[in-house]
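Below is one structure, written out as structure tokens, with a few remarks after it.
The values are calculated or read from the model by the stated rules, or taken from the named source; none is laboratory data. Owing to the predicted nature of the structure, the values given are computational and were not obtained by experimental measurement. As a convention, Cβ positions derive from the backbone with ideal geometry for all residues, glycine included, and neighbour counts pool all protein chains shown.
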Amino acid sequence: MNLTILDAQLGTGATDRGRAGGRGRVDLEIVDGVISGVTPHDPDTSRRATDPGSTVIEAAGATVVPGLIDAHFHAYGVGLDSLEINAQPLSLVGIKGAARCGAALARGFTTVRDVAGGDAGLAAAISEGLVAAPEYLFTGPALSQTGGHGDEHPGVLNLCSGHGHMGEVVDGVDALRTAVRRRFRMGAHAIKVMASGGVVSPTDPIRFSQYSEEELRAVVDEAGRRDSYVAAHAYPAQAIRRAVRAGVRSIEHGNLLDQQVAEQMAEAEAFLVPTLIAYDAMNRRGDEAGLSADGLRKNREVLQRGQDAVRLALAAGVQVGWGSDLMGSLEDEQLGGLRLQVDASGLEETLRSATEVNARLLQLSDRGRIEEGLRADLLILPGDLADDPSLLWEERPGRVVIKEGRVVARDGRLLGPDGS
Ligand code: ZN
Ligand code: ZN
């Protein structure tokens, strides 16, 4: 099916040609899910030149940006208490996860990277079109050392959590190599490791590094031989330094980084994936969502530093992406993460983070910009984004989500295959 978007203003991620004449307006031609034309809008001829078989969207007054990409999403993060998540059958968690994916698509996210959990079943259900969802890339359960961020049991129980829906405790180089190979066998996009303490886990202060460098190197080596890469959860500068030295490509959170580490990241061409909304939402609503008192205290340790980390990283030349990291009922704040990053780095930079930079991070050369030959994953915002940046994070009537050339959501609601 062909689609024509008439008289749209391009947001960032647009081609230079599309921007010709300053804030010029363009027509977008979409054939078989791919952008086949980006041409200056001509009020006299554009409409007549439209293919009669094409569905037309009138976009006068609206802004079109590339479909959003969330590089730190948790489909299986159906609550803030991981013991409670693991007490539910995987099929139930998968169905709840599918609903969380659908909600993300309705907001304008056309691709997500799930960095703790996900499995081949959910991925197949999505690619077979059984559920409406963004394109779904997953790492499988995040790898954690005993007593690390993915070890979900309180220390007094004297056991480790073993294999959960979102994390798996694996110690030692040989066991890690096997665990990585198993993940790629089931279709993992990349590998996630816990390289420092975290907020929701019970026995690991945030400031400590996790996994030996030898273990991290083994994981990076295995992933590298699959042309894939490693994403590491890490807050303190020391933990980030060790991870990047071991070859980790994607630093998740990174709130406590300093200038020296930011420079090291830039040098190594590592990415930072800030997850600003997670701390903000947990701070306001963690209590109601089931976060422990200790978790709330740990959250405050990193909350204040998140936006500074984004600024430091950008100043050092780090490629800064974007992620949400919202668990349980907090998921409805996903778009609010864009607002927080705009506060830190501005509208243009944030949009690039959530589209072009994230696409590069995810090794997806077919999306993240509006250009001929790229996938028609698009978000139409009802107004002039340059004048009103809140159009990006507020779900107003007229918001239209297009995935692979098909209108999949309108006004925040998912549409069926027939467009109704
Ligand atoms: Zn994390
Ligand atoms: Zn996370």
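So which of Asp325, Asp258 ends up being among the acidic types (Asp, Glu) and either within 16 Å of ligand 2 (Cβ to nearest atom) or closer than 19 Å to Gly346 by Cα (or both)? Please lay out each step first, then the result.
Details: Asp258 fails: either within 16 Å of ligand 2 (Cβ to nearest atom) or closer than 19 Å to Gly346 by Cα (or both).
Every option except Asp325 fails the conditions.
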Can you pull out the residues in the stretch 302-322 that are at pLDDT below 95, away from ligand 2 (no atom under 16 Å from the Cβ) and not polar (S, T, N, Q)? Arg305
Which of the residues that make up the stretch 336-373 are surrounded by fewer than 16 Cβ atoms within 10 Å (Cβ to Cβ), charged (D, E, K, R) and under 20 Å from Gln9 (Cα atoms)? Glu348, Glu372
Which number in (1) farther than 22 Å from Val357 by Cβ; (2) within 16 Å of ligand 2 (Cβ to nearest atom); (3) basic (Lys, Arg) marks the one condition that Arg182 misses? (2)
